[in-house]
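I have placed the structure first, in the form of structure tokens, so that the comments after it can refer back to it.
What follows draws every value from the coordinates through simple rules; no lab data is involved. In this text the structure is predicted, and so the values were computed from the model without any measurement. No Cβ is skipped: glycine too gets one built from the backbone with ideal geometry, and neighbour counts run over all protein chains shown.
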Amino acid sequence: MIDVERSRVVPASLARETSWADDDVLEALHRDFLGKCYLCERRLSIGEIQVDHRRPISYWPEGAYCWPNLFPCCAFCNGRRSKSYPRASLLSPGDGIERRIEQVALLDHTGTTIECRFVAKDLNDDKARATAEELERLHSVHEARSPRARHATHDLLDTIHDHYLERVHPLHLKVRRARERGRADTEAAAGLAAVLSRRAPFTMLMRSLVHLGVRDLFD
């Protein structure tokens with residue numbers, strides 16, 4: 001999950017309170033959240049967006065058409081989110097997610113599977129702890145309560161793993177080799193910056209997998 005700046009311009013259709021998923025809402029969410037699911041950072045087309053109420057309308061009916069309460073979600077995360085809402089509340093993109101939650105991807109010793117870990121950097125930060133627990137639950141096969149949910153979680157983890165191996169790792173290797181030999185591979189560096197950018201899939205998890213020496217490429 002990354003921090004983004006939501007437009008202050010409220011989509012016109014929300015004022016009519018007939019739907020929270022009209023085209024203008026979907027287009028604004030797609031633009032403001034950089035074309036990604038706000039929870040797992042999977043890329044989404046506008047047609048794939050499911051509008052999620054961060055604070056469920058069962059707890060806050062007035063939030064049904066509230067622009068700051070609407071977020072672009074993939075079908076997987078929207079289906080796996082808890083139906084309850086923690087007393088501590090939850091963080092949303094723009095609330096300092098990146099500095100308040102450690103988001104780490106870990107490859108196993110064989111390199112064939114990946115695990116994701118989410119931990120509040122300050123254990124006294126109740127909102128960060130609740131949000132980290134939510135993200136951990138969404139990315140954990142062990143938290144899935146049905147075969148279908150476990151299969152879908154495996155698919156998400158495989159997608160994250162394959163993206164790293166196919167798109168990030170080769171460029172990361174080229175850039176590190178070049179720098180260790182005192183050279184500059186500008187093409188590889190530009191490519192690595194792109195796949196680690198805020199607009200790329202799984203930004204925070206991919207950044208956790210690269211060496212400290214390439215962090216100058218983060219936007």
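Sum up the charges of everything whose Cβ sits under 13 Å from the Cβ of R54, counting Lys and Arg as +1 and Asp and Glu as -1, but leave R54 out.
For residues surrounding R54, the net value is +1.
Kindly write out, for the range 38-48 in residue order, the coupling ³J(HN,Hα) from the Karplus curve 6.51 cos²θ - 1.76 cosθ + 1.60 (θ = phi - 60°), rounded to whole Hz, with x marking Gly and Pro.
Running phi through 6.51 cos²θ - 1.76 cosθ + 1.60 with θ = phi - 60° gives 5, 8, 9, 6, 6, 5, 9, 7, 4, x, 8 Hz.
Among the GluC sites (Glu not before Pro) in the range 103-205, which ones are in a DSSP loop with at most 14 other Cβ atoms within 10 Å of the Cβ? Mind listing them?
Those that pass, being in a loop and sparsely packed, are E143.
Tell me which GluC sites (Glu not before Pro) from the range 4-108 have a DSSP coil assignment and no more than 11 other beta carbons within 10 Å of their own.
Of the GluC sites (Glu not before Pro), the ones in loops of the range 4-108 whose Cβ has at most 11 other Cβ atoms within 10 Å are E5, E17.
Check cross-link reach from K127 to the lysines: straight Cα distance under 19 Å, and skip same-chain residues fewer than eight apart.
Straight-distance partners of K127: K83.
Given contacts defined as C-alpha pairs under 8 Å and at least six residues apart, what's the relative contact order of the chain, whole-number percent?
Result for the chain is 19 percent.
Could you tell me the calculated FRET efficiency between K121 and A12, based on Cβ-Cβ distance and R0 = 35 angstrom, to the nearest 0.05?
0.35
Using a Förster distance of 25 Å, how high is the FRET efficiency between R199 and R179, based on the Cβ-Cβ distance and rounded to 0.05?
0.55
Report the full-extension gain for the segment H154 to D108: residue separation times 0.36 nm, less the Cα-Cα distance, to one decimal in nm.
15.1 nm
Beyond 30 Å, what percent of the Cα pairs of the range 12-217 remain?
Summing the P(r) of the range 12-217 above 30 Å gives 27 percent of all pairs.
Can you give me the angle between helix 186-195 and the longest principal axis of the chain, using Cα atoms only, in degrees from 0 to 90, rounded to the nearest 10?
On a 0 to 90 degree scale, this one is about 30.
Hand me the trypsin sites (Lys or Arg not before Pro) from the range 1-108 located in a DSSP loop with no more than 14 other Cβ atoms within 10 Å, in residue order please.
R8, K83, R87
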